[in-house]
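Below is one structure; the comments refer to it alone.
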Amino acid sequence: MATRLLVIGPDGRQVAIAVDMAAAAGAAVRRVSDVAAALASLRAGRGADLVFVDLAADVRALIQGLRAERFILPVVAYGIDAAPADAVAAIRAGARDFLPLPPEAELIAALLAAASAPTRELVSASPEMARVLELARQFAPADASVLITGESGTGKEMIARFLHAHSRRAEAPFVSLNCAAIPENLLESELFGHEKGAFTGAVARRIGKFEEASGGTLLLDEVTEMDPRLQAKLLRAVQEREIDRVGGSKPVKIDIRLIATSNREMEAAVAEGRFREDLYFRLNVLTLQLPALRERPADIEPLARHFAEKHALANAKPVPRLEPAAVERLRAHAWRGNVRELENCLHRAVLLAQGDTITAGDIVLHGSTESGARQPGSDATAPVEAGVETGVGRSLAAVERDLIIDTLRHTMGNRTHAATILGISIRTLRNKLKQYGDDGVTVPASGAALGAQG
């Protein structure tokens, strides 16, 4: 399944080379001349997984337009021989990254890989996941609806993409919608689309996710969060294979394979009246239950190595090896956030690591291990010193403050880098540092260039 890349900007030799590199790396590239054309293309249902936009275009207007119309897409700005200040301005405007031109094939491949990571084969070495994948391979060729359940962060979307990639619809679109992330009054339009003038703000026809996924697969993530009124309309779409746009005058036929996910106990939601029983049975033709990461410990090390490689390439760093003590530290953790928490941990470790090795000290874990397992090298009988690592005998606020300031020193004042390592937003970091400054705590100064954006 190719990554859908939308390139915005005028033609040029270096841009053409970058487009060729992206196509060679497996991307399906579509080009438009400006921001208005890009938004019109997306409204028409021609989706994208990643956007490249020329600095000459209005990057801020693009990102504001995407947000206003709820197109959740990573944006990468690019420019020929661009000044550092231009890259900083683009990232401040909301771009995820900056691509300098002339292009480098490895960097373009890494950007595409980051956007399409869920489409890759799943990384697993555990018998628990082997059973899930075997069922998924059996289910994939069918068109029957699939319900995927499991805790948050276990990889439900990845399994959905696996099903699509191994189905007869693999070359058609895979479209996902997080039902919990869209306000109730907007979710109907997101799903079914709307006609121009259907409501205040409907300035043009908008194709919904059902039509965008035509011929392919539609994933409804966290479907139990959907309002009961919309559940009735979804039931009709599933049964009749047709939808009504908001403000439309005639039904629209659809051809999709529907996959739904939930991190809740579905039968309990039905019993409590929060989810329609008839819709539950329509979605639950085939079921996959994903085990939590703590229930498949054999997956921790291969996943950790996979994420270390992924984030090293994305950050133009050498791929590090994991020292044995680091692996043991990972194995001892409870992973309440499952695979998502593990990936965030390895992302931080890659950025913290000095040289080509991730040590136990680079593994920053949030919370204690539920199992009560000792950390590598610890002595169960030895007294525990108060400090940032354990926090015993110190307030949570003090531990948090020292961790933030130590991380900022490590990044030489680069607040964006520090926020990434800590797994918090730049706004949260900024507010914390202001609070520490007001309390009389010395805060490392912002770094130069990209660090200054904090």
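Tabulated data for the structure shown
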| quantity | calculated |
| --- | --- |
| Residues that are part of a loop (DSSP other than H, G, I, E, B), in contact with a strand residue (DSSP E or B) (Cβ under 7 Å, 6 or more places away or on another chain) and of a type outside the set (Val, Ile, Thr), drawn from the stretch 248-272 | 251 |
| Flag for residue 447 being at pLDDT below 75, in a loop (DSSP other than H, G, I, E, B) and either at positive phi or β-branched (Val, Ile, Thr) (or both) | no |
| Hits in the stretch 194-247 - residues which are in a strand (DSSP E or B), β-branched (Val, Ile, Thr) and more than 27 Å from the chain's Cα centre (by Cα) | 243, 246 |
| Residue that is farthest from the chain's Cα centre (by Cα) [pool: residues in the stretch 307-342 that are in contact (Cβ under 8 Å) with a residue 60 or more places away in the chain and surrounded by fewer than 18 Cβ atoms within 10 Å (Cβ to Cβ)] | 316 |
| Enumeration of residues in the stretch 271-299 that are under 16 Å from residue 129 (Cβ atoms), of a type outside the set (Lys, Arg) and crowded, with 21+ Cβ neighbours inside 10 Å | 288, 290, 293, 299 |
| The stretch 1-58: number of residues that are in a strand (DSSP E or B), among the aliphatic types (A, V, I, L, M) and more than 30 Å from residue 167 (Cβ to Cβ) | 2 |
| Count of residues meeting criterion [of a type in the set (Val, Ile, Thr), free of Cβ contacts under 8 Å to residues at least 60 places away in the same chain and crowded, with 20+ Cβ neighbours inside 10 Å] in the stretch 216-266 | 5 |
| Single residue of the stretch 382-437 satisfying the filter (in contact with a Lys or Arg (Cβ under 9 Å, 6 or more places away or on another chain), part of a loop (DSSP other than H, G, I, E, B) and hydrophobic (A, V, I, L, M, F, W, C)) that is modelled with the lowest pLDDT | 386 |
| In the stretch 159-190, the residues that are part of a helix (DSSP H, G or I) and within 14 Å of residue 143 (Cβ to Cβ) | 163, 164 |
| Any hit, the stretch 143-152, residues being surrounded by 15 or more Cβ atoms within 10 Å (Cβ to Cβ), under 19 Å from the mean Cα position of the chain (by Cα) and either in a helix (DSSP H, G or I) or of a type in the set (Asp, Glu) (or both) | yes |
| The listed residue being more than 30 Å from residue 57 (Cβ to Cβ), touching a helix residue (DSSP H, G or I) at 6+ places or on another chain (Cβ under 8 Å) and touching a residue at least 24 places away in the same chain (Cβ under 8 Å), out of 114, 136, 144, 160 | 136 |
| Answer residue from the stretch 49-65, given it is modelled with pLDDT under 90 and aliphatic (A, V, I, L, M) and is surrounded by the most Cβ atoms within 10 Å (Cβ to Cβ) among those | 57 |
| Tally of residues being among the hydrophobic types (A, V, I, L, M, F, W, C) and on the phi > 0 side of the Ramachandran plot across the stretch 241-266 | 0 |
| Tabulated pairs, the stretch 412-436, first assigned by TED's automatic domain parsing to the domain that holds residue 402 and over 22 Å from residue 362 (Cβ atoms), second β-branched (Val, Ile, Thr) and part of a loop (DSSP other than H, G, I, E, B), C-beta under 6 angstrom, 6+ apart or interchain | 433/443; 436/443 |
| From 140, 170, 160, 198, residue being surrounded by fewer than 21 Cβ atoms within 10 Å (Cβ to Cβ), under 30 Å from residue 294 (Cβ atoms) and not hydroxyl-bearing (Ser, Thr, Tyr) | 140 |
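The values are calculated or read from the model by the stated rules, or taken from the named source; none is laboratory data. Small disclaimer: the values here were computed from a predicted structure and weren't measured. Virtual Cβ from ideal backbone geometry, glycine too; neighbours counted across all protein chains shown.
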